[in-house]
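The values are calculated or read from the model by the stated rules, or taken from the named source; none is laboratory data. Everything numeric in this text was worked out from a predicted model, so none of it was measured. Here the Cβ positions follow ideal geometry from the backbone for every residue, glycine too, while neighbour counts run over all protein chains shown. Keep in mind that these areas ignore ligands, DNA and RNA; they rest on the heavy atoms of the full protein, side chains included. Shrake-Rupley method; radii C 1.70, N 1.55, O 1.52, S 1.80 Å.
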Amino acid sequence: EKGGYPWFMLKEIEEQPQAVADTLRGRLGDQGEILLDEVRLTDQDLRDVDKIFIVACGTAYHAGLVAKYAIEHWTRIPCEVELASEFRYRDPVLDRSTLVVAISQSGETMDTLMALRHAKDQKARVLAICNTNGSTIPRESDAVLYTHGGPEIAVASTKAFLTQVAACFLVGLHLAQVRGVKFADEVGAIVDQLQAMPGLIKRVLSTMDGVRELGRSLASQSTFIFLGRHVGYPIALEGALKLKELAYVHAEGFAAGELKHGPIALISEGTPVVAVVPSPAGRGFLHDKVVSNIQEVRARGAMTIVIAEEGDEAVVPYADHLIRVPRTPTLLAPLVTTVPLQVLAASIADARGHDVDQPRNLAKSVTVE
Ligand code: BG6
């Protein structure tokens, strides 16, 4: 059943190119149009949206954080992302023109379900992004976009995350098209770039031997710091979460720019710091800022593990360990930069002798609030 892999998680990590291709399949038209006919919200409903809330838990919440950057950039609709368990208790401002997007692999997470029920009570429209056909969250939503990632057995989420991110990209592009925002002309180019992502994820997977070895060499470390900016920030959070879940190691993700406002005090000689570096192409200023953040931690003794694009030479002098990913547009980068962090966490956990599929204290789907 594990297809020759020692853990379901390793199988699911390897399935990611296919899973993302399955999320995109049939939804990208030849003319660059995004076909989401199965989403039962009319174009008029979507044109009326003036605010978006994304609600989710755990890894799905991190997918929502990535989505915010893309959706706001493409649609110009304000988009907030909130932990489902916090959302309804703070009395959010919702009405008929609010779109609430609930992201859940299982479709059964009680915190997310309660958030969506609250949104519906306030007359907001609810779109579910879900992997499990016919589960409660899509049944109670106004519309659903299934991720079609296939069953995910390992408790900690991997392929579900990438498919959630891909599905959010589809929602953002579809909204932009329906609303005719100026950017809609560029959608065709982004569609092509999105189509290429499964192939790029596959390429990353073919270069993971060094990351596995690195994981084994770091297995006795007791704390890790993850840094990112822009869409790299939620990926830093996700990398830290994977390590906590799988390896039971203290790990924290920070926005790279926030480091100097406090967390840099944590750095001492040899502290492992994993940095997700944005593409130097496109938004070059983001790239340069992260490179200087890496220099700052290294000057204070950190051991730097740098995830950077092929051809990015600026990072080389500051990387104790360098992990390369293929060049992608900035917003789509999470689909490749997440992969080495999953592999790193799994190999550290395995080296520490833990059950990678069934971490202690965790359940695949948490049906209590
Ligand atoms: C957690 C799982 O409890 O629920 C995580 O252990 C998951 O892996 C989170 O990300 C949210 O689950 P779902 O099914 O709503 O995406």
*Restricting the search to segment 289-317, which residues are of a type in the set (D, E, K, R) and within 22 Å of the chain's Cα centre (by Cα)?*
K289, E309, E310
*Determine, yes or no, whether I267 is of a type in the set (A, V, I, L, M), more than 16 Å from the ligand (Cβ to nearest atom) and either more than 18 Å from R216 (Cα to Cα) or surrounded by fewer than 16 Cβ atoms within 10 Å (Cβ to Cβ) (or both).*
yes
_Show me the helices (runs of 4 or more DSSP H) found entirely inside segment 43-141 where at least 1 residues are closer than 23 Å to L335 by Cα._
58-75
*Could you say which residue among V126, V55 is farther than 19 Å from V155 by Cα, open to solvent by less than 10 Å² (accessible area, probe 1.4 Å) and under 16 Å from the mean Cα position of the chain (by Cα)?*
V55
_Going through L227, L246 one at a time, which residue ends up being under 22 Å from V316 (Cα atoms) and open to solvent by less than 70 Å² (accessible area, probe 1.4 Å)?_
L227
*How many residues are within 13 Å of the ligand (Cβ to nearest atom), under 24 Å from V356 (Cβ atoms) and either among the small types (G, A, S) or open to solvent by less than 50 Å² (accessible area, probe 1.4 Å) (or both) when one looks only at segment 133-161?*
11
*asked:* Condition (residue is surrounded by fewer than 20 Cβ atoms within 10 Å (Cβ to Cβ) and part of a helix (DSSP H, G or I)) applied to segment 34-41: is it met by at least one residue?
replied: no
*Return yes or no: is R300 closer than 28 Å to E152 by Cβ, more than 16 Å from the ligand (Cβ to nearest atom) and surrounded by fewer than 23 Cβ atoms within 10 Å (Cβ to Cβ)?*
no
*Conditions (1) modelled with pLDDT under 95; (2) in a helix (DSSP H, G or I); (3) under 30 Å from L173 (Cβ atoms): number failed by P280*: (2)
_Identity of the residue in segment 311-322, outside any loop (DSSP other than H, G, I, E, B) and not aliphatic (A, V, I, L, M), that ends up surrounded by the most Cβ atoms within 10 Å (Cβ to Cβ)_ = Y318
*Pick from segment 101-123, criterion touching a residue at least 40 places away in the same chain (Cβ under 8 Å) and open to solvent by less than 10 Å² (accessible area, probe 1.4 Å), ranking: farthest from the ligand (Cβ to nearest atom)*: A119
*Only residues that are touching a helix residue (DSSP H, G or I) at 6+ places or on another chain (Cβ under 6 Å) and over 22 Å from Q342 (Cα atoms): list them for segment 267-314, please.*
I267, P280, G282, R283, N293, Q295, R298, A314
*Scan segment 350-362 and give yes if some residue there is modelled with pLDDT of 95 or more, open to solvent by less than 10 Å² (accessible area, probe 1.4 Å) and away from the ligand (no atom under 16 Å from the Cβ), otherwise no.*
no
*I201 passes all but one of (1) open to solvent by 30 Å² or more (accessible area, probe 1.4 Å); (2) out of contact with any strand residue (DSSP E or B) (no Cβ under 9 Å at 6 or more places or on another chain); which number fails?*
(1)
*Does segment 134-151 contain at least one residue that is of a type in the set (S, T, N, Q) and closer than 19 Å to H62 by Cα?*
yes
_Quick check on segment 303-310. Is at least one of its residues open to solvent by 10 Å² or more (accessible area, probe 1.4 Å) and outside any strand (DSSP E or B)?_
yes
